[in-house]
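Below is one structure, written out as C-alpha cells; comments come after it.
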Amino acid sequence: MAVKRPGRLVAEVVTVVIAGIVAFPLYWMVLSAVKPPGEIQSASPKPWTFSPSFDSFSRVLTVSGFGRYFVNSLVVALVVVALSLVMSFLSAVALTRFSFKGRTVLLVMTLVAQMVPVEALTIPLFFLMRSLGGAVPALGLNELGSLVLVHLAFSLPFAIWMLRGFVAAVPVELEEAAKLDGASRMRFTWQILFPLVAPGLVAVSVLAFIHAWNDFLFAKTFIVSKTENQTLPQAILVFFKPEDTDWGAVMASSTLMTIPVLVFFVLVQRRLVSGMAGAVKG
C-alpha cells in the first residue's frame, strides 16, 4: 500500500476543505428550500431537517407567470451564447490570422473593456436603450432584445480574448496545407479551425450562459413595465416583503434557477476542463 507524501496529503485536505466551503451555501440553499417554515425562522437553525417539505416549491411553481419568466431567461441566455460564440470566434480569427492597422489598439481596447464596472454603465445604457428603441423597437426598453444586446456586449471582450489564444495555438502550416489541398479560407475556418478550438468555445459558452442567466441588474433596469418580458431572477422579488419575506420560497426559486446551469455544465464538462486549461496556456 503506497504511503502518501505529507505535502500531497495536506494539499488534498486543503482541497476538500475549500470544496466544502464552496459547496456549503448550495447545500444550505437546498436545505432551506425543503425545511418547514418553523425551522427556517428558528433562532437556532440546524444543518439538517427530519421533516422535509416541498411546500416552498409548490408556492414558487404556482406564481403567476413563473413559466413565462423561465422561458424568457432561457431564450435570452441561449441567444447570447449562440451570438457570442459566432462573433467572438470570427473576431478572434481576424485578430490572430490577419495583420491590419490598429490591431494592437483593438486588442488593448478589448482588454480594457473588461475593466469597466457594470454598475458604472447601467444608467448610460438605460438612456441608450431608450433612444435605440425609437429606431429599433425590438432592442428598446421592455424588450428581451435589449437584454441580449447588453449581455452580448459584456460577454464578447472576454470571449474574444480567450478564443484568441486557441486560434493562435493552431499552426499556420495547417492552414497552408489546407490551401494546397484546395480548401478555401472559409472552408478552413469553419470545417477545420472551428472544431479545433471547440474546447475554448465550450468555455466561452458556459461563461456567457451563466452571465446572462443570473443577471438581475439589467433585467430590473431595462424591463420596466412589460411584466410578460421579465426574467426568472425578477420572479424571486415576489417573495420579498418588507415585514414577512418568504425565505422558503426564495430558496426554492433559487434552487430551481440553479438546475439549468448545472445541466448545462454537466453537458459540456468534458470539454470545459480542456478549454479552461487552454485559455491559461494561451
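Lysine pairs in the chain with alpha-carbon atoms under 23 Å apart, 8 or more places apart or on different chains: how many are there?
4
Spin-label point model (7 Å from Cα, Cβ direction): what's the Val63 to Val224 distance in nm?
2.3
Note down the nm distance, to one decimal, between modelled labels 7 Å out along Cα→Cβ at Ser51 and at Lys241.
It is 2.1 nm.
With label points built 7 Å along Cα→Cβ from the Cα atoms of Leu74 and Ala198, find their separation and express it in nm.
So the label points at Leu74 and Ala198 sit 2.5 nm apart.
Can you give the relative contact order of the chain as a percent, counting alpha carbon pairs under 8 Å and 6+ residues apart?
Across the chain, relative contact order equals 30 percent.
Of (1) 14.8; (2) 22.7; (3) 24.1, which is the value of mean projected area of the Cα convex hull in nm² derived from the coordinates here?
Comparing each candidate, only (2) matches the computed number.
Counting only the heavy atoms of the protein chains, how much of Ile123 is accessible to a 1.4 Å probe, in Å² to the nearest 10?
Probe radius 1.4 Å; accessible area of Ile123 about 110 Å².
Could you sort Trp161, Trp213, Trp48 by accessible area so the largest value comes first, with the probe set to 1.4 Å?
Correct descending sequence by accessible area is Trp48, Trp161, Trp213.
As a test of understanding, state the convex hull volume per residue of region 12-52 from its alpha carbons, in Å³.
78
Note down, for region 115-245, the three equivalent ellipsoid semi-axes (square root of 5 times each alpha carbon gyration tensor eigenvalue), biggest first, whole angstrom.
Working through the eigenvalues yields semi-axes of 40, 17, 13 Å.
Could you pull the accessible area for Phe54 with a 1.4 Å probe, rounded to 10 Å²?
Spelled out: Phe54, probe radius 1.4 Å, area about 130 Å².
Just tell me, in residue order, which DSSP H segments of the chain are both 20 angstrom or longer along the helix axis (alpha-carbon based) and at least 1.0 in mean Kyte-Doolittle hydropathy.
For the chain, where a helix must reach 20 Å along its axis and average at least 1.0, the hits are 6-34, 66-97, 118-135, 144-169, 198-213, 247-281.
Where does each of Glu173, Glu243, Glu39, Glu228 land when they are ordered by accessible area, with a 1.4 Å probe and the largest first?
Ranked list, largest accessible area first: Glu243, Glu173, Glu228, Glu39.
Can you give the Rg/Rh ratio of region 82-167, where Rg is from the C-alpha atoms and Rh is the Kirkwood radius?
1.03
With Rg and the Kirkwood Rh both taken from Cα atoms, where does Rg over Rh land for region 2-82?
1.20
Got a sec? What order do Asp181, Asp246, Asp215 fall in by accessible area at 1.4 Å, biggest, i.e. largest, first?
Highest to lowest solvent-accessible surface, that is Asp181, Asp246, Asp215.
With every protein chain present, what accessible area does Ile40 have (1.4 Å probe, heavy atoms only), rounded to the nearest 10 Å²?
We get 40 Å² for Ile40.
The values are calculated or read from the model by the stated rules, or taken from the named source; none is laboratory data. Please read these numbers as outputs of a predicted model, since none were measured by experiment. As a convention, Cβ positions derive from the backbone with ideal geometry for all residues, glycine included, and neighbour counts pool all protein chains shown. Heavy atoms of the whole protein, side chains included, go into the accessibility calculation; ligands, DNA and RNA do not. Shrake-Rupley method; radii C 1.70, N 1.55, O 1.52, S 1.80 Å.
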